[in-house]
Amino acid sequence: MKRRLPFQVKLFLSLVGFSCLLLALLGAILFHVLDRQLHRDLGQRARVQATQIALMPGLAEKVAARDVSGIAHLIQPLRNQSDASYIVIGDVREQHLYHSESPERLHLPMIGGDNAEVLQGKTIISMRKGGIGVSLRSKAPILDANNQVIGIVSVGYLTSYIANINARLLWQAGLYGLLLLILLFIFSWMFTRNVKRQMFWLEPKEIALLVLQQKALLEAMYEGIFAVNAEKQLILINRAARELLDIRQPENELIGKPIEQIVQTPLTFFDPTSVVDNRSLHDQITVLNQREVIVNRVPIEVEPGAERGWVFSFRDKNDINTLSSQLSQVKRYADNLRIMRHEQLNWTATLAGLLQMQRYDDAMRYIQAQSEGAQAVLDFVSTRITSPCLCGLLLGKFVSAREKGIELAFDPACQLTRIPTGISETALMSVIGNLLDNAVDATLKAHNSAAPVELYISDRNQELLIEVADQGVGIEDALKPHIFEQGVSSKPSDVHEMAGSDHGIGLYLAAGYINQAGGSIEVTDNSPQGTIFSVFIPFPGSVSTGQHHE
């Protein structure tokens, strides 16, 4: 038998897992932000250095004279102070005159292909692969006395250098994250332990079963039971108590009211001092609501010595002779419930556990395992259609069509978030329902009855558009001008499509609702066969673009 984890462990693991996920997500976002900021800062730093080097006195003359040793003597002190990965000086022909890291590349072409803008006098920042690797670099033009470009300065940071900086930052952030994770572990364990203690160390499924058993037992008992809290407000009352005390209000209207407003009894009966002097009272005769009863009173104790209220059980005094047998019946009923509990433990425990863990989607999938297709349609319709009644209609039509062997296909672009004021929700349901019934019946008459019925609903423009397309037997051209007239139907024919359900009344009613809303309906032939019904209902302030065919 598969062992199930205790609720405390599950909750702890859930908190820890969620915390780790949040930390990982935060770390990824932080790394992305820091990496972008680092690239931005280093790019600007390279730009400043390249610009300052290009303006150094004497550099332009040495570049113009291609004085390699002079350039090296001038730039090397700056290279020793710079944190850049390299400094490169090139001439207007894009050949190296100085390379701080690879002197052997002198007089060789500069690599990267990003010098065109620099030779036009612009300072740029780019990420390119050079002679010693991929780098983030900035290039600035070297100008002579006539402001003509005679050379190029390139200052760059290798991606390996940037990666080392990121690694150091990540290591520091990881250390703090680890410390934070340890604190989250400790907090999660203490929190889950405190929750479990408040649940009296019971599992959620055990609590759910206890609640269900308590409700069933209270409603099944012949003895009247009610409970009050420390403020003498009613917190529980069963059906037998309401019947014995002739209380007509339902339980939900009684909960929270002062007990004096519900049960008329001697004031000393609910006196807290009497409870202190005599914690439990058994077989006490008193009058409740002008009815003489035998009452038992037991305090509710959350902790020893700390009362939080009292539970009262009572029976009519005239029934004292049958009390024993009635209690025996309750006991037998409780035993039967325990037997039923063992028989249905797996189903109830699974469902109760899912609900207690607030995994409602899993509970729904568990309950509706036999109706996955309908559930998928329900999920699609409920997210696209805001009208609950229309959602129910569409789901019902889907199930009905499927039972007949017809697929009702919803266009993925379906959307209905508002209904035109000119047509009511009921009328709109009638229009769509009649069109769908008409299409399903037409498809059933066709030889290719496996073809789907397609539905498209959209309110994205200034009008509500509804299209129902089938690949049924189609409508005769002679019948189309009269298709929306009352009583017109081709239902008796075996080769033509039925024009409306209920012998021609369906499409007549649909057309009437559409006309009242100021809309129109069109009938066109589908390809390769069948019919398309298109409905246009304008929203206030717009005009329908469809043309109604009488």
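Quick notes on this structure:
- Selection status of Ala469, in contact with a strand residue (DSSP E or B) (Cβ under 9 Å, 6 or more places away or on another chain), aliphatic (A, V, I, L, M), surrounded by fewer than 17 Cβ atoms within 10 Å (Cβ to Cβ) and at pLDDT 90 or above: no
- For region 383-429, the set of residues classified as more than 19 Å from Pro538 (Cα to Cα) and of a type in the set (D, E, K, R) consists of Arg384, Lys397, Arg402, Glu403, Lys404, Glu407, Asp411, listed by residue number.
- Number of the exception - Glu117 against (1) closer than 18 Å to Ala54 by Cα; (2) in a loop (DSSP other than H, G, I, E, B); (3) among the charged types (D, E, K, R): (2)
- Within the option set Val453, Val523, Val495, being in the same structural domain as Phe380 (by TED's automatic domain parsing), surrounded by fewer than 23 Cβ atoms within 10 Å (Cβ to Cβ) and at pLDDT 90 or above holds for one residue only, Val523.
- Failed criterion for Ser534 (all others in (1) assigned to a loop (DSSP other than H, G, I, E, B); (2) modelled with pLDDT of 85 or more hold): (1)
- Residue within region 56-79 that is closer than 26 Å to Ile165 by Cα and either under 58 Å from the mean Cα position of the chain (by Cα) or acidic (Asp, Glu) (or both) present: yes
- Residue satisfying all of: in region 11-58; at pLDDT below 85 and touching a Lys or Arg at 6+ places or on another chain (Cβ under 9 Å); farthest from Arg137 (Cα to Cα) among these: Leu11
- Among all residues of region 135-144, there is none that is touching a Leu at 6+ places or on another chain (Cβ under 9 Å) and in a loop (DSSP other than H, G, I, E, B).
- When Ala427 is tested against (1) part of a helix (DSSP H, G or I); (2) modelled with pLDDT of 90 or more; (3) touching a Phe, Trp or Tyr at 6+ places or on another chain (Cβ under 7 Å), exactly one condition is not met: (2).
- Note on region 136-173: among residues that are surrounded by 12 or more Cβ atoms within 10 Å (Cβ to Cβ) and charged (D, E, K, R), the one that is farthest from His32 (Cα to Cα) is Asp144.
- The listed residues are Gly151, Gly224, Gly177, Gly121, and the only one of them that is touching a residue at least 24 places away in the same chain (Cβ under 8 Å), out of contact with any Ser or Thr (no Cβ under 8 Å at 6 or more places or on another chain) and more than 30 Å from Ala84 (Cβ to Cβ) turns out to be Gly177.
- Check on Phe12, assigned to a helix (DSSP H, G or I), touching a Phe, Trp or Tyr at 6+ places or on another chain (Cβ under 9 Å) and assigned by TED's automatic domain parsing to the domain that holds Gln81: yes
- Looking only at residues in region 127-162 that are touching a Phe, Trp or Tyr at 6+ places or on another chain (Cβ under 9 Å) and β-branched (Val, Ile, Thr), the one that is nearest to Ala64 (Cα to Cα) is Val155.
- Search result, residues across region 137-149 that are more than 14 Å from Met56 (Cα to Cα) and either more than 60 Å from the chain's Cα centre (by Cα) or hydroxyl-bearing (Ser, Thr, Tyr) (or both): Ser138, Asn146, Asn147, Gln148
- Yes/no for Gly121 being at pLDDT 85 or above, closer than 17 Å to Ile152 by Cβ and assigned by TED's automatic domain parsing to the domain that holds Ala140: yes
- Failed item, numbered, when Phe398 is tested on (1) out of contact with any Cys (no Cβ under 9 Å at 6 or more places or on another chain); (2) without any contact (Cβ under 8 Å) to a residue 40 or more places away in the chain; (3) surrounded by fewer than 21 Cβ atoms within 10 Å (Cβ to Cβ): (3)
- Taking region 104-114 as the range and being under 17 Å from Gly156 (Cα atoms) and assigned to a helix (DSSP H, G or I) as the test, only Arg105 passes.
- Inside region 194-208, residues that are assigned to a helix (DSSP H, G or I) and either modelled with pLDDT under 80 or within 27 Å of the chain's Cα centre (by Cα) (or both) make up a count of 9.
- Residues (of a type outside the set (Ser, Thr, Tyr) and part of a loop (DSSP other than H, G, I, E, B)) located in region 398-419: Lys404, Gly405, Ile406, Glu407, Asp411, Pro412, Ala413, Cys414, Arg418, Ile419
The values are calculated or read from the model by the stated rules, or taken from the named source; none is laboratory data. All figures in this text were calculated on a predicted structure; none of them were measured in a lab. Methodologically, a virtual Cβ is constructed for each residue, glycine included, from the backbone with ideal geometry; neighbour enumeration extends over all protein chains shown.
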